[in-house]
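Here the structure comes first, spelled out in structure tokens, and everything after it is commentary.
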Amino acid sequence: MGCHPDMRVLGGACRRFVAASLVLLLLASGCKRKEEPVSPGEQAAPVAVTICHGSVTDILPRIAVEQGYFAEEGLTVTLKDLDGKQAFDGMLKGECNFAVSGAPPIVLAEPKVTPFAILATVLSDDDSARIVARRDRGIAKPQDIKGKRIGVKKGIIGHLFLDLFMMRHGLEQNEVEQVFMDSDKLQDALASGEIDGFSMTDKMVNDAARTLGDKGVVFAEPGLNTIHGILTTRLDIPLNLHATPRVLKALVRAERYAKSEPAAAKGLVARGAGLPAQEMEEVWSRSTAEVTLANPLFVHLEDQYRWQMERGGSPAPATMPNYLDLVFPEYLLAIKPDAVSIVKR
């Protein structure tokens, strides 16, 4: 029995199949560790896996690549640096085996159309989304974005942050002209003066601020919108089902390395992501890079769904899914049981 690729939801039969497959995979993994090493010619070929991630969610995956943890689990991993929506949508389309994204693209997806599984969170960051704007357009304080053209990609973290930022500073939605465009167009649009500012995660914001120099200003609101890097996959794809325990094991090892060797880990991630040392220090100081699966995540997803329905304007499922039905805790329970604290309602 297997999970048919055309299944509409991850139902009970499929869940039982996945759980049984997990047990067999973990038992096989344990047996291999006890066996004598095989010669290079007898070793199985590495499994090629692509992990797509948003711009601030790659700390543990990058450490796992650079430290060889994925390779030691029999995986050859390619990391693709995208925005969160592109990463999650790529996973749904089968272009990526795994995605690490924030909540917005997850709550826009309809799991009855394309089933997916939530495996863990691998990062939380309460100060990643920001707004960069042009001082030479009369913007020096938050209220100055009133009447200005602010670029944003619809339905992602930057869009949510802009809306919350406006509410925090007493601005109505119709008092700021939100200009929707793809994230890779934002910096050029700001530089050319097509828009007066944009809202996005800090890597892109910092790049734009460096380009603007004294003509730019950056607005941050720590704690206004926590980003959770959520690891998802499609378990109806056999390769993903086979690779999931290995991916999680490598990420847990990366977490341990980040905690035990923070200076080395920061340098490794900065080089891999092309971040200046100062920016890496900022990211590290405000982020928590841990592989967990806790109940507050699902409250967070429900809140994000409500925002999309009430204010986000992007098409979301007509009825809120029960996000707990989409979680497969069996994998992380077998590897790091103290990190799982979900309570099914």
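Table for the structure above
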read-out: Filter result (touching a Lys or Arg at 6+ places or on another chain (Cβ under 8 Å) and either under 15 Å from A220 (Cβ atoms) or modelled with pLDDT under 95 (or both)) within the range 182-200; value: D182, S183, G197, S199, M200
read-out: Search result, residues across the range 75-86 that are of a type outside the set (K, R) and modelled with pLDDT under 95; value: D81, L82, D83, G84, Q86
read-out: Of all residues in the range 113-128 being over 21 Å from M91 (Cα atoms) and not hydroxyl-bearing (S, T, Y), the one that is surrounded by the most Cβ atoms within 10 Å (Cβ to Cβ); value: D125
read-out: Candidates I227, I150, I157, I139 - the one that is more than 26 Å from A316 (Cβ to Cβ) and either hydrophobic (A, V, I, L, M, F, W, C) or crowded, with 16+ Cβ neighbours inside 10 Å (or both); value: I139
read-out: Residue within the range 125-132 that is under 30 Å from P238 (Cβ atoms) and touching a helix residue (DSSP H, G or I) at 6+ places or on another chain (Cβ under 9 Å) present; value: no
read-out: Positions within the range 237-268 being surrounded by 15 or more Cβ atoms within 10 Å (Cβ to Cβ), part of a helix (DSSP H, G or I) and among the aliphatic types (A, V, I, L, M), in sequence order; value: L241, A243, V247, L248, A250, L251, V252, A254, A258, A265, L268
read-out: D214, sole failed condition from (1) over 18 Å from the mean Cα position of the chain (by Cα); (2) surrounded by 15 or more Cβ atoms within 10 Å (Cβ to Cβ); (3) in contact (Cβ under 8 Å) with a residue 60 or more places away in the chain; value: (2)
read-out: Any hit, the range 301-316, residues being in contact with a helix residue (DSSP H, G or I) (Cβ under 7 Å, 6 or more places away or on another chain), part of a helix (DSSP H, G or I) and more than 20 Å from H228 (Cα to Cα); value: yes
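The values are calculated or read from the model by the stated rules, or taken from the named source; none is laboratory data. Just so it is clear, the structure is predicted and the values come from calculations on it, not from any experiment. Methodologically, a virtual Cβ is constructed for each residue, glycine included, from the backbone with ideal geometry; neighbour enumeration extends over all protein chains shown.
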